[in-house]
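Just so it is clear, none of the values below were taken in a lab; they were calculated from the coordinates. On a predicted model such as this, the values are computed, not experimentally measured, just so you know. Please note: Cβ atoms are built from the backbone with ideal geometry, for glycine as well, and neighbour counts cover all protein chains shown.
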Amino acid sequence: DTDTPVSAFESSLVLVSNRQPYSHRYEDDEIVVDRPVGGLTAGLDPVMQQVDGTWIAWGDGDADAEVTDDNDCVRVPPEDPSYTLRRVWLSDEAVDEYYYGYSNQVLWPLCHDLVGKTNFEDRFWSRYQEVNEQFADAVVEQADEESVVWFQDYHLALAPSHAREALPETTLFQFWHIPWPTWDTFRVCPHREELLGGLLANDLIGFHTERYVENFLACVDACFEAATVDTDSGEVEYDGETTLVRAFPLGVDAERIGELAGEREETFWPEFKREYSIPDDSRVAVGVDRLDYTKGIPERLDALEELFETRPEWRERLTYVQKSTESRSDISEYQRLQSAVDERIERLNERFATESWRPVVRIEEHLTNPELYGLYAHSDLALVTPVRDGMNLVAKEYVAAQADDDTKDGVLVLSRMTGAHGELGDTAVTIEPYDAPELAGQIEEALTMPDHERKRRMDALRASVLENDLDTWLASLLGTVQGLRRMSTQDTDD
Ligand code: F6P
């Protein structure tokens with residue numbers, strides 16, 4: 001889309017993230033390429049294809065080194081090379097301590113306000129510092145003063161300050177994809193000053209919601225006496241640098257999702273129901289999640305158990321389809337979660353299944369995008385029930401997949417604890433994730449909602465998701481960056 005300011009960046013854009021968009025691995029003796037199927041990398045890959053910049057990320061594939069040049073770079077996508085992917089190589093110990101350790105056992109639970117799940121081991125912190133320097137070194141080698149460097153997420157809070165030392169004139173910015181907690185939570189972290197100082201080396205820091213911006217500014221204010229914080233403009237002055245802090249709610253490529261959802265309109269749904277033995281007259285509720293304790297999956301299953309127990313008329317008339325993707329399984333909290341989910345699904349199916357019906361259908365295999373969006377399009381409800389979530393794009397994808405057709409509108413059941421609730425909360429069915437009996441009642445309410453009310457709500461949700469889509473997010477974020485550029489192309493030409 002040439003209307004977005006993406007084109008203004010051309011090859012000067014250097015994107016830095018933990019995950020890479022293309023991963024090469026051996027399958028027998030062949031090298032195969034794994035592509036992004038969702039999340040941050042899938043959303044940003046088309047942006048990089050438009051500008052031919054450089055993406056710096058951890059090379060996590062066992063064949064990545066095989067396909068790189070002397071500068072650790074490879075051109076991607078393989079079939080139509082249009083930008084450069086540069087790898088940062090990490091040892092197994094580094095992955096264990098920086099990714100599984102500090103990133104996902106300290107920052108992840110801390111920012112999701114789950115302090116009881118944090119694990120502050122010294123070796124995690126040392127390694128996080130070391131790996132952030134490694135990423136910053138790659139940035140310094142790759143970037144010059146005209147570059148615009150875009151750091152992603154909580155894995156890289158310290159990299160901006162290291163990069164800034166060598167690149168005083170380069171525009172640096174960061175998008176934080178998870179929540180930012182209150183000062184009362186963040187002050188628990190012994191490394192709070194270093195983390196905030198690292199981030200404040202950026203010219204711009206973006207969050208999903210105003211609340212996270214407020215929390216971040218309050219943390220800076222409380223942590224650094226020397227900082228000047230203007231809460232109205234979102235500007236922070238600290239250590240000789242000015243940083244703008246703003247909310248940019250991430251959206252999805254709503255139009256494309258709608259097209260893909262309708263791709264196999266005639267055949268998809270009957271085939272899908274046959275494959276998973278879902279009776280024809282059963283309503284379908286869907287849940288799609290990475291297996292993470294923030295997503296509220298056990299809580300959701302408890303509510304379904306409550307529903308089938310207290311309102312037996314829904315047995316055989318409602319099927320819950322759970323599509324979950326295994327995640328961060330080296331961490332014991334995630335292993336515990338997986339067992340908790342397994343146990344609940346087994347119990348529900350043992351207690352209530354009949355000869356022709358199972359209350360919970362679990363999908364383990366990969367679904368292509370048209371299959372996933374087709375599942376959304378035909379499901380009567382989406383259950384999005386996180387206990388805390390920075391944004392939650394499943395909620396937006398579900399809405400985007402609903403065909404604009406009165407007979408097919410679904411209902412979005414959405415937790416108050418998601419970033420998406422700020423935009424969609426007025427017209428979704430709002431739930432409190434921890435209250436199983438209440439949630440059971442709300443699921444029933446969603447199932448029995450009159451047609452005109454379903455349509456009214458879905459029309460409003462659709463309008464919001466289409467308007468605040470991925471392009472809107474990019475235009476607003478990159479437009480702001482363009483206004484802050486330290487070294488504009490104009491100046492250089494003079
Ligand atoms: O929600 C934060 C996030 O980093 C996403 O940007 C990403 O898609 C997801 O978590 C996956 O996490 P991981 O890289 O640990 O698999």
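Data table
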read-out	value
Per-selection Rg to Rh, the stretch 1-127 - Cα, Kirkwood hydrodynamic radius	1.03
Cα gyration tensor of the stretch 369-487 - equivalent ellipsoid semi-axes, whole Å, descending	29, 18, 12
Residues of the stretch 161-178 with amide N under 19 Å of a point placed 7 Å along Cα→Cβ from Glu193	161-162
The stretch 264-304 and the stretch 422-481: distance between their alpha carbon centers, rounded to Å	18
Alpha-carbon centroids, the stretch 218-251 and the stretch 74-92: separation in whole Å	34
Virtual spin-label span in nm between Asp459 and Ser126, 7 Å along Cα→Cβ	6.3
Relative contact order for the stretch 336-494, counting Cα pairs under 8 Å that sit 6 or more residues apart, in percent	17
Dipole magnitude (debye, nearest 20) for the chain, charges at Cβ of Lys, Arg, Asp, Glu	1580
Debye-sum result for the stretch 147-265 in log10 I(q)/I(0), which assumes one identical scatterer on each alpha carbon, at q = 0.14, 0.18 Å⁻¹	-0.59, -0.88
Two-site label geometry, Glu210 and Asn119: point separation in nm, points 7 Å out along Cα→Cβ	3.9
Base-10 log of normalised Debye intensity for the stretch 375-442 (one unit scatterer per alpha-carbon) at q = 0.13, 0.19, 0.27 Å⁻¹	-0.33, -0.70, -1.20
Rounded to whole Hz, the Karplus (6.51, -1.76, 1.60) HN-Hα couplings of the stretch 177-182, x for glycine and proline	7, 10, x, 10, x, 6
Label point distance in nm, Glu133-Glu271, each placed 7 Å from Cα along Cα→Cβ	5.4
Dimensionless Rg ratio for the chain, taking C-alpha atoms and the 2.2 N^0.38 Å reference	0.99
Placed amide H near Thr319: partners under 5 Å, 5+ positions off or other chain	Arg283, Val284, Ala285
Proxy reagent accessibility, fewest Cβ within 10 Å first, across Ile331, Ile297	Ile331, Ile297
Per-residue ³J(HN,Hα) for the stretch 66-78, Karplus 6.51 cos²θ - 1.76 cosθ + 1.60, θ = phi - 60°, Hz, x for Gly and Pro	5, 10, 10, 8, 5, 9, 6, 10, 9, 8, 9, x, x
Amide proton proximity set for Thr325, modelled H, under 5 Å, gap of 5+	Asp289, Arg290, Leu291
Amide H contacts of Leu13 (H built 1.01 Å from N, under 5 Å, at least 5 apart or other chain)	Thr54, Val148
Mean-position separation - Cα centroids, the stretch 125-190 and the stretch 20-67, in angstrom	21
D_trans [Stokes-Einstein, Kirkwood Rh over alpha-carbon pairs] for the stretch 202-299, 10 °C, 1.306 mPa s, µm² s⁻¹	87
Unit charges at the beta carbon, dipole of the chain: most positive-side option, Trp357, Pro78, Leu196	Trp357
Where trypsin sites (Lys or Arg not before Pro) fall in DSSP loop in the stretch 379-455, at most 14 other Cβ within 10 Å	Arg416
Whole-Å semi-axes of the stretch 256-403's equivalent ellipsoid (Cα gyration tensor)	23, 21, 13
Nearest-0.05 FRET efficiency for Glu350 and Asp221, computed from C-beta distance (R0 60 Å)	0.65
The stretch 225-334: antiparallel DSSP beta bridges as a percent of all, rounded to 5	45
DSSP-defined antiparallel bridges as percent of all bridges, the chain, nearest 5	25
Kirkwood Rh in Å, taken over all unlike Cα pairs in the stretch 129-183	11.6
Average Cα contact separation per residue, the chain, under 8 Å, 6 or more apart, as relative contact order %	13
Charge dipole of the stretch 1-60 about the Cα centre (unit charges at C-beta), most positive-ward option of Tyr22, Ser7, Val37	Ser7
Theoretical ellipticity at 222 nm over the chain - DSSP helices of four or more residues, -39500 (n - 2.57) apiece, nearest 500	-12000 deg cm²/dmol
Derived scalar couplings ³J(HN,Hα) [the stretch 28-37; Karplus, 6.51 cos²θ - 1.76 cosθ + 1.60; whole Hz; x for Gly, Pro]	6, 9, 8, 9, 10, 10, 8, 10, x, 10
